[in-house]
Amino acid sequence: AKAAGRNTYRLGDSEADAAAESSGLLVAEMKGAMKRGDFLLNYQPIIDLATGGIAGFEALVRWRHPCKGELSPSAFIPLAEESGLIVPLGAWVLKEACREAAAWPEPLRIAVNVSAIQFQQISMEETVRHALATSGLAPHRLELEITETMLMQKSDTVCRTMERLRSLGVRIALDDFGTGYSSLSYLHQFSFDTIKIDRSFVAGSENPKTVAITRAIVALGTSFGARVIAEGVETEEHLAFVRTAGCTDVQGFLFDPPLPAEAIVPLIESGRLR
Ligand code: C2E
Ligand code: CA
Ligand code: CA
Ligand code: CA
């Protein structure tokens, strides 16, 4: 009867239940992976269009999963955010990225993605200070990439932490710009060192509206003195478009994919710096 009962339950089980079960498993696996050191960072060059050299790198997290192979962030970051694991994982990312970047010559920068949940923690400022102190990386070489969703909550903790970090000299970038619904109001309320234009705009050079919006975004950003990075530059056409639109920097497969840590110093030494 017990087995039947369980079967009945199983039959009525929704896909949502199965999904919850497998995501619970993934969260448990993530905890183990953190202990074992199965997360790693790749680094994608950001190219300064004025010099043609590398201005810095964006750190992008990967999970070397024992059975599923290398997992991209979309496979685990949302779950890490839901479960709160993003706080320790994000702290590891910050520490590791700063440690790696400290070995690169000045003035190369490291950009680190930070999720809203991390910024809501009172401990965030201390986490960043710790990553800088243990690595010896100068604060102005660290840029934190935040998204509009993070600013949506208008929490005091988020605003205060952003201001404190900026006064330390840490740079703040607004990521995926233009994909949210009140982008302009954030430009009004906060100051950013960098604005990153989402690749949906970069790839839209055949659409006159997209072209006009992209030009306006770049003009606005540069008029505030911010750097404006075009993301997802895959073709010469994309590059020509964002260059004429006035972007200061570009990032994308046309130049380099995200690269393993060991590839960075040789790349820098190969003379792509300037
Ligand atoms: P993002 O911050 O917008 O990062 C850019 C994504 O575009 C990366 O995907 C990168 O590999 C990809 N990309 C770079 N160049 C090109 C290109 O030319 N064409 C195309 N189609 N794609 C390109 P990835 O590494 O899969 O990361 C996805 C997202 O995961 C990131 O989007 C970011 O939001 C998030 N993420 C990555 N690492 C972290 C992290 O350490 N912490 C947090 N909180 N989020 C992270
Ligand atoms: Ca980013
Ligand atoms: Ca982005
Ligand atoms: Ca994105």
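The values are calculated or read from the model by the stated rules, or taken from the named source; none is laboratory data. These figures come from a predicted structure and were not determined experimentally. With ideal geometry, Cβ positions are generated from the backbone for all residues, glycine too; neighbour counts draw on all protein chains shown. When the accessible area is computed, the model is the full protein with side chains, heavy atoms only, and any ligands, DNA or RNA have been set aside. Shrake-Rupley method; radii C 1.70, N 1.55, O 1.52, S 1.80 Å.
Worth pointing out:
- Residue list for the stretch 97-120, filter: within 22 Å of PRO260 (Cα to Cα) and either of a type in the set (S, T, N, Q) or within 16 Å of ligand 2 (Cβ to nearest atom) (or both): ALA97, ALA101, ARG109, ILE110, ALA111, VAL112, ASN113, VAL114
- Helices (runs of 4 or more DSSP H) within the stretch 13-121 that include 1 or more residues over 25 Å from MET152 (Cβ atoms) and open to solvent by less than 40 Å² (accessible area, probe 1.4 Å): 15-36, 86-101
- Every pair of residues 6+ apart whose Cβ atoms lie under 9 Å, when the first sits in the stretch 76-94 and is at positive phi while the second is more than 16 Å from ligand 4 (Cβ to nearest atom) and in a helix (DSSP H, G or I): GLY84/ILE117
- Count of residues meeting criterion [in contact with a helix residue (DSSP H, G or I) (Cβ under 7 Å, 6 or more places away or on another chain), farther than 24 Å from GLU82 by Cβ and among the aliphatic types (A, V, I, L, M)] in the stretch 9-53: 1
- Flag for VAL158 being modelled with pLDDT under 95 and not polar (S, T, N, Q): yes
- If you go through the stretch 238-250 and keep only what is touching a residue at least 40 places away in the same chain (Cβ under 8 Å) and part of a helix (DSSP H, G or I), you end up with VAL242, ARG243.
- Test: residue in the stretch 153-168 that is within 11 Å of ligand 1 (Cβ to nearest atom), open to solvent by 50 Å² or more (accessible area, probe 1.4 Å), part of a loop (DSSP other than H, G, I, E, B) and in contact (Cβ under 8 Å) with a residue 24 or more places away in the chain: no
- Scanning the stretch 201-216 for any residue that is at pLDDT 95 or above and within 16 Å of ligand 1 (Cβ to nearest atom) turns up nothing.
- Restricting attention to the stretch 192-220, the residues being away from ligand 2 (no atom under 16 Å from the Cβ) and not in a loop (DSSP other than H, G, I, E, B) number 13.
- Residues (on the phi < 0 side of the Ramachandran plot and either modelled with pLDDT of 95 or more or under 15 Å from the mean Cα position of the chain (by Cα) (or both)) located in the stretch 168-182: LEU168, VAL170, ARG171, ILE172, ALA173, LEU174, ASP175, PHE177, THR179
- Set THR179, THR222, THR210, THR235: member being without any contact (Cβ under 8 Å) to a residue 12 or more places away in the chain, surrounded by fewer than 20 Cβ atoms within 10 Å (Cβ to Cβ) and among the β-branched types (Val, Ile, Thr): THR210
- Number of positions in the stretch 125-149 that are among the hydroxyl-bearing types (Ser, Thr, Tyr) and assigned to a strand (DSSP E or B): 1
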